[in-house]
Every structure is written in structure tokens, then in C-alpha cells.
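Shown next, in C-alpha cells, is the structure this report addresses.
What follows draws every value from the coordinates through simple rules; no lab data is involved. Since the model is a prediction, treat every value here as computed from it, not as a measurement. Here the Cβ is made from the backbone with ideal geometry for all residues, glycine too, and neighbour counts use every protein chain on show.
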Amino acid sequence: MSNGLFARLKSGLARSSRNLTEGIAGVLTKRKLDDAALDALEETLIAADLGTRLAAQVVERLRHERFGKEATDADIRTVLADEITRTLTPAEAPLAIDDEGAARPFVVLVVGVNGGGKTTTIGKLAKRLHGEGKSVILAAGDTFRAAATEQLIIWGERTGSRVIAGPAGGDAAGLAFDALAAAKKDKVDVLLIDTAGRLHNKANLMAELEKVVRVLKKADLAAPHAVLLVLDATVGQNAQAQAQAFGDMVGVTGLVMTKLDGTAKGGVLVAIAEAFKLPVHFIGIGEDADDLRPFAAKDFARSLVGLD
Ligand SMILES: Nc1nc2c(ncn2[C@@H]2O[C@H](COP(=O)(O)OP(=O)(O)OP(=O)(O)O)[C@@H](O)[C@H]2O)c(=O)[nH]1
Ligand SMILES: [Mg+2]
């Protein structure tokens, strides 16, 4: 990652890293690493939403390597960054868009609870894909909320993408089908489908998402080629329950974690990546079109713990 991009990531994660580094600084009341310091460190890491397993792992390693020895903040942060990197490396996988041959258009279904950042992420993704020379169509599959379609149309204008939209309250699956037909006709590379985050209840949402998938398969058996679950980092541990629920509803193939810039709970990405063994394709670190970044384990880990 270039220096500029790394600096932007670091400032995006500033709240999370401040939370962690202050916690770590408070742990070392004596200069030597003793039981009290290790216990306090474990609590700090759990409180930072990093998950109990990672916390235990870091403490065990420090106990093994450093117990009774002198340790500085920087030593602890280095071990922490190292363990976070190791945990997150398996989750580092770009969204592989196969736009040649069979998978054309490459259909991406975007799901997640309301307000999590689905529509914004689609807009950002459209910009990124255009930058890679790909053609994109956006489908306003959130027919539940009238303003959702308008929001997607704005992103379409902003990124020069065609938007397929229908009437408010219309059938989301029918719209997705029409959008796929249009994308095929236009020989578009990627179709990004927005969905509603909330219907009247979870059973309704599940039925709608299942129907969207079923109808897409009528036009292309392999579609959707990716199902991205958008998770809002500011909800902290709740994101775990959301990942579980959506994983059960539709076959989620990868994650996007948004709003990492607005929270001290960025550590939750570590706990989720570890618990669900799903790739984290992108992270959102702001509201602008350029604030969606491919996820890179080491850069994320070092930014999170405030190292350069
Ligand atoms: N700071 C910050 N804000 C974000 C990020 N991603 C999305 N947002 C903001 O979060 C709010 C909700 O985003 P939407 O994209 O509308 O969320 P949604 O999941 O489509 O919501 P529904 O359509 O209600 O289901 C908007 O104000 C976005 O600008 C991010 O990475 N950082
Ligand atoms: Mg939306």
C-alpha cells in the first residue's frame, strides 16, 4: 500500500487505535510484564472487541516470550499487530470478478441490515469497477423504501452507471430478473443488486432474499456469483449475530465492513473474520466514493494498533 493510502487508512482507524493504544499504555503500570499486567491486557483486548481467542493468544505469547522481563508499549503493540495479521491473513481475498465467458454479467447481491451501508458500498464499488475499466449496472432491489431507489440513482449519476429501478413497493425479485436481462443484453461486466435491509420481520426479509436468488438462477444458474454481507463496525459485537443470521438466510460469500472510521470498535472485524472464516473483500473508512478499500490484513493490523 502506498504511503498516502496507508495514512488514510490510519486516520480512518484512529478512533479504534486510540482506544487500543490507551488501553495498552494503562496496562503497563510496572516496567516488567507480570500476571496483573497480562490480565489487564487480556481485558483491554476483549473490551476492544478483538474476541476472546485472539486476546488469549496474544497474552499466551507474551507470557511465553516476555514474562518477568521488561516490556514497552511498542513491544506489546508489535506482538498484537503480528497476531492480528496472522489471524486476518486467511480473510484477505480480493473480490475476484470473473467477467469473461460464462460469468457475464458477474452478479453481486448485496445484503445486510438497514443502515449498514449497502447502497453506499454499491456506489463506491461501482466507482472502483469503472476505474478498472468494467461496465456496471446497478439494480435498485430495495423496493421497500422509496428513498432507497433515489439514493441509488444518485450513485448511478455520480459513477456513470445505468440504474434499473421499479415502482416503490414492487417485487424485488422481478426487478432483479429484469436487471439481469438488461445487463445481459447490454453485455455489461458486473451487475450490483441492492436489497432491502428490513422488511416487516425477519421471515419476510428471508423470503424476499430467497426469492431474489431463486429468480436470478432462472436466468443464470450460477448467479448470484457473489453475495456480499455489509456489516457496520459501529454495532460492535452485534455484527456477529448479523453475520450468523444472514449466513443462515442466504449463502454469504464475503464480507464488507463499513464505518470503520466512525468507531472505536474496529477490532470486531478480527473477531468476525475468525469466527466465520469468510473473506473480507473491502472495508469502508468514510462516506466518499473513494473510501472503500480492498482489505489488507497487515495494513489493517498495523493501523489498528497505531504502528507505522
Ligand atoms: N462514516 C462512514 N459512513 C458510512 C460508511 N458507509 C456508509 N456510511 C453511511 O451510512 C449511512 C447508511 O448507509 P446506506 O448505504 O444508506 O445503508 P443501507 O444499508 O443501504 O441502508 P438501508 O437502505 O436503510 O437498508 C449513510 O449515511 C452512509 O453515508 C463508511 O464506511 N463510513
Ligand atoms: Mg440502502
Relative to the compact-globule estimate 2.2 N^0.38 Å (N residues), the Cα gyration radius of the stretch 61-177 stands at a ratio of 1.62
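Could you work out [θ]222 nm for the chain from helices alone, using -39500 (n - 2.57) per DSSP H run of at least four and dividing by all its residues? Round to the nearest 500 deg cm²/dmol.
That comes out to -16000 deg cm²/dmol.
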Which percent, to the nearest 5, of DSSP beta bridges fully inside the chain are antiparallel? 15 percent
The stretch 140-152 - phi-based ³J(HN,Hα) in whole Hz, Karplus 6.51/-1.76/1.60, Gly and Pro as x: 7, x, 8, 8, 6, 10, 4, 5, 5, 5, 4, 4, 5
Geometric extent, Cα atoms of the stretch 184-266 - Rg, Dmax (angstrom): 14.6, 45
Note, ³J(HN,Hα) from phi for the stretch 60-71, Karplus 6.51, -1.76, 1.60, rounded to Hz, x at Gly and Pro: 4, 5, 5, 4, 5, 8, 10, 4, x, 9, 6, 9
To the nearest 10 degrees, the tilt of helix 3-12 (Cα long axis) against the first principal axis of the alpha carbons of the chain is 90 degrees
Can you give the Kirkwood hydrodynamic radius for the stretch 140-216, in Å, rounded to one decimal and based on Cα pairs? 12.7 Å
Within the stretch 131-160: backbone nitrogen closer than 13 Å to the Ala168 label point (7 Å, Cα to C-beta): 143-151
Could you let me know the centre-to-centre spacing of the stretch 72-150 and the stretch 1-52, using Cα atoms, in angstrom? 26 Å
Could you state the orientation-averaged shadow area of the convex hull built on the Cα atoms of the stretch 107-239, in nm² to one decimal? 7.8 nm²
Whole number please: convex hull volume per residue of the Cα set in the stretch 100-155, in Å³? 83 Å³
Taking H as built 1.01 Å from N, whose amide H comes closer than 5 Å to the amide H of Ala139, not counting residues under 5 places away? Ile164, Leu192, Ile193, Asp194
Taking the Cα centre of the stretch 64-196 as origin, work out the dipole magnitude from +1 charges on Lys and Arg Cβ and -1 charges on Asp and Glu Cβ, in debye rounded to 20. 360 debye
P(r) for the chain, please, calculated from all Cα pair distances in 20 Å bins and given in %. 34, 50, 15, 1
Along each of its three principal axes, how wide is the spread of alpha-carbon positions in the stretch 14-120, in whole angstrom units, largest first? 61, 29, 21
Amide H proximity to Gly254 below 5 Å, modelled H, separation 5+ or other chain, gives Val227, Leu229
Magnitude of the Cβ-charge dipole of the stretch 1-58, K/R +1 and D/E -1, about the Cα centre, nearest 20 debye? 400 debye
